[in-house]
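Colleague: My questions all concern the structure below.
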Amino acid sequence: MYMKRFITPVKAAFLLAALSAGLYPGSIHAQSKKNKTSASTSRNSLDWTGAYSNGLIQLSLFDDNSYLYKNGNIYNSGKVTWGPGGNRITLAGTQEKYKVMEGKLKNEFNGNEFVKSGGSMEGVFTGNNTKINKRLLGGKWVLTELRGKAIVKSEQLQKEPFLAFKEEDGTFSGHSGCNGFGGSIKKMDDFRIEFGPAIQTMMACLGIMDIENQLGEALRTADNYTVNNGVLSLNKGKMAPLAKFKFVASE
């Protein structure tokens, strides 16, 4: 023999009120889970991309989770890693950690604060619709290495080999040590790069044509680049760098 359980009108009214208020155990669990998944973090609620500075050092964060760090003539770039809570970042390749707050970053090691400045740092569109990434910053870069071999100064070099970028018109220029060259950049975005055809002078130089040929090959085949500690590397895929350059001056 068993007894049927009846829900009295009073109990029904109580349960209905509890469900509406989210007080029923199952409802509490669901509400808690919902709140947990939609928690507000610096990563999902703040406009954290842009340029920050502490008066000496500049740090730019981009929406593809990459960064550019500039301290005088020293440049670093790489990816940003977010902490589990979504409120702190670590700069890849360094031990630098920052707390991300409204309009500023705070270095977790020394307490230095970087204040956000106005303006977009992602890039500019030139007249030929080529997006020139400001992470490369423009300026002059002296050739230091080709296919793993250091460039040795020689009297045969007519000029120190270099590569220069102009952000305002999306062009590049340079010198191989024998001939000058220049052209337009077809693509530069998210550390990818593609140089357009270059025009150059046609001098013949004894003993240094290998440098010109290898530098030209690097410009034709490079599809990505990195900037670390003031060194620009032109690469193809994940192979060893085709060419390396040292930053010497802004244009």
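Colleague: Could you check the spin-label model distance between D169 and D189? Points 7 Å from the Cα along Cα→Cβ, value in nm.
Modeller: Those two pseudo-labels are separated by 2.4 nm.
Colleague: Let me ask another. May I ask you to derive the FRET efficiency for F109 and A240 from their Cβ-Cβ distance with R0 = 22 Å, giving the value to the nearest 0.05?
Modeller: 0.10
Colleague: Using Cα pairs closer than 8 Å and at least 6 residues apart in sequence, work out the relative contact order for the range 124-249, in percent.
Modeller: 27 percent
Colleague: I'd like the FRET efficiency for A249 and T41, computed as 1/(1 + (r/R0)^6) with the beta carbon distance as r and R0 of 35 Å, rounded to 0.05.
Modeller: 0.30
Colleague: So, one more: So how much slack lies between T90 and M209, counting 0.36 nm per residue of separation and subtracting their Cα-Cα distance, in nm?
Modeller: Stretched out fully, the T90 to M209 stretch lengthens by 38.4 nm.
Colleague: Quick one: which of 84-90, 229-235 comes out on top by average Cβ neighbours within 10 Å, and what's the full order, highest first?
Modeller: 229-235, 84-90
Colleague: Per-residue HN-Hα couplings for the range 230-245, Karplus 6.51 cos²θ - 1.76 cosθ + 1.60 at θ = phi - 60°, whole Hz, x for Gly and Pro?
Modeller: x, 10, 9, 10, 9, 10, 10, x, 9, 6, 4, x, 6, 8, 10, 9
Colleague: Provide the FRET efficiency to the nearest 0.05 for the Q158-T221 pair, computing r from the beta carbons and using R0 = 25 Å.
Modeller: Approximately 0.50, to the nearest 0.05.
Colleague: Over 5 Å intervals from 0, what percent of Cα-Cα pairs in the range 124-249 sits in each interval?
Modeller: P(r) over the range 124-249, rounded to whole percents: 2, 11, 22, 26, 21, 11, 5, 1, 0.
Colleague: Sticking with this structure for a sec: Over the range 43-117, what is the relative contact order in percent, taking alpha-carbon pairs closer than 8 angstrom and at least six residues apart?
Modeller: Reported as a whole number, the value is 26 percent.
Just so you know, all these numbers are worked out from the coordinates, no wet-lab data involved. Because the structure is a prediction, the values reported are computed rather than measured. In this analysis, Cβ positions are derived from the backbone assuming ideal geometry, glycine residues included, and neighbour counts consider all displayed protein chains.
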